[in-house]
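Inspection log for the structure reproduced underneath, given as structure tokens.
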Amino acid sequence: VLGFEYGYAMANPYALTIWEAQFGDFFNGAQIVVDQYISSAETKWQRANGLVMLLPHGYEGQGPEHSSARVERFLELCAEYNMSVVNCTTPAQFFHVLRRQLKREIRKPLVVFTPKSLLRFPKCVSPLEDFTNSKFQEVIDDASAKAKDVKRVLICTGKIFYDLQEEKEKLNRKDIAIVRLEQMYPTPFAQLDKIREKYSNAEFIWVQEEPENMGAWPFISRVFRKSKIDFDVISRKPSSSP
């Protein structure tokens, strides 16, 4: 079915073609389509494609095969601006990243990790002006943090932001800023460098709910090894199963 949708998006580039897995893990059976076409067709055959993959991802207590869309696999395939990989934390962000697929003149595959729990989460809302007067933000800074007070910056992606934010508010911590990386690839280095400069006296920590050998951390630790940002990581211990 994923192969069919890829072909449909190829034949009709002005349609918003979306393939969604019931759980992100379920794309495993279509891995060959991801490898053979979605990630590599532009390099191999100069064929652009705007297919969207929606992959529910998040450790929400439902166990293996219902938790991980294998973020690390997609990021391992990212190179030469071959596709976009995002993990949106607000409805407006999701709206704008889908709108961008057709609004811009180029066509690139889009992988969206979509936590199921945020569908009903009361704090996961966007005011109307965020839809009408805004755009997709690759990085979202902590609006409540004052740079001079911040000693530690937590950078994360996806729904774990809400867990961190809840704990920060409960403990009334003014010395912590929580920054959201909404687009993992292409990686927004310029925006992240501005974050680093803003919080110049703070330590930076990547926080994820996935095991250390999964999620975005293997990619993040590699692409930032030559940047201005020196990361540590907080995660689950390495695991052979999600």
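The values are calculated or read from the model by the stated rules, or taken from the named source; none is laboratory data. Remember, it's a predicted structure, so these values are computed and weren't measured experimentally. Virtual Cβ from ideal backbone geometry, glycine too; neighbours counted across all protein chains shown. With ligands, DNA and RNA removed, areas are computed over all heavy atoms of the protein, side chains included. Shrake-Rupley method; radii C 1.70, N 1.55, O 1.52, S 1.80 Å.
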When the chain is treated as a Gaussian network with springs between alpha carbons less than 10 Å apart, the largest mean-square fluctuation among Glu65, Glu105, Glu210 is found at Glu105
³J(HN,Hα) computed for each position of the range 174-179 - Karplus, 6.51 cos²θ - 1.76 cosθ + 1.60, integer Hz, glycine/proline x: 8, 9, 10, 10, 10, 10
Roughly to the nearest percent, how much of the accessible area of the chain is carbon and sulfur, given a 1.4 Å probe? 52 percent
In the range 104-181, which trypsin sites (Lys or Arg not before Pro) fall in coil by DSSP and have 15 or fewer other Cβ atoms within 10 Å? Arg104, Arg120, Lys123, Lys135, Lys146, Lys151, Lys174
For the range 6-53, shape from the Cα gyration tensor axes a ≥ b ≥ c, cut at a/c of 1.5 then a/b versus b/c, turns out oblate
What relative contact order, as a whole-number percentage, does the chain give when Cα pairs under 8 Å and 6 or more residues apart are counted? 19 percent
Can you give the calculated 222 nm mean residue ellipticity of the chain, where each DSSP H run of n ≥ 4 adds -39,500 (n - 2.57) and the sum is split over every residue, rounded to the nearest 500 deg cm²/dmol? -7500 deg cm²/dmol
Run the simple label-point estimate for Glu76 and Ala11 please: 7 Å along Cα→C-beta, distance reported in nm. 3.3 nm
Of Ala69, Ala216, Ala147, the one that fluctuates the most in a GNM where the chain has Cα springs shorter than 10 Å: Ala147
With a 1.4 Å probe and all protein chains left in place, how much accessible area per residue does the chain have, in Å²? 52 Å²
Which entry in (1) 22; (2) 46; (3) 43 is this structure's computed percent of Cα pairs over 31 Å apart? (1)
Rounded to the nearest 5, what % of DSSP beta bridges with both residues in the chain are antiparallel? 15 percent
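Apply 1/(1 + (r/R0)^6) to the Cβ-Cβ distance of Ala147 and Arg222, taking R0 = 22 Å, and write down the FRET efficiency to the nearest 0.05. Working shown, then result.
Numbers: r = 28 Å, r/R0 = 1.27.
Rounded to the nearest 0.05, the efficiency is 0.20.
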Once fully extended, how much extra length lies between Ala190 and Lys135, figured as 0.36 nm per residue of separation less the alpha-carbon to alpha-carbon distance? 18.1 nm
Given the whole protein assembly as supplied and a 1.4 Å probe, what does the accessible area of Glu5 come to in Å², nearest 10? 40 Å²
Where in the chain lies the longest segment free of chymotrypsin sites (Phe, Trp or Tyr not before Pro) that are both loop residues by DSSP (not H, G, I, E, B) and have at most 14 other Cβ atoms within 10 Å? 82-242
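Checking the a/c ratio against 1.5 first, then a/b against b/c, what shape does the Cα gyration tensor give for the range 114-242? Provide the component values of the computation, followed by the final result.
Values: a/c = 1.29, a/b = 1.09, b/c = 1.19.
Rounded.
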Subtract the Cα-Cα distance of Ser200 and Arg236 from 0.36 nm times their separation in residues, and report this length gain in nm to one decimal. 10.2 nm
Among the lysines, which have Cα under 25 Å from the Cα of Lys174 when same-chain residues fewer than 8 positions away are ignored? Lys123, Lys146, Lys148, Lys151, Lys159, Lys194, Lys198, Lys228
Could you point to the residue in Phe113, Leu128, Ala143 farthest towards the positive end of the range 97-174's charge dipole, with +1 and -1 charges on the Cβ of Lys/Arg and Asp/Glu respectively? Phe113
Taking a crude spin-label model, label points 7 Å out from Cα along the C-beta direction, the Glu167 to Val1 distance in nm is 3.7 nm
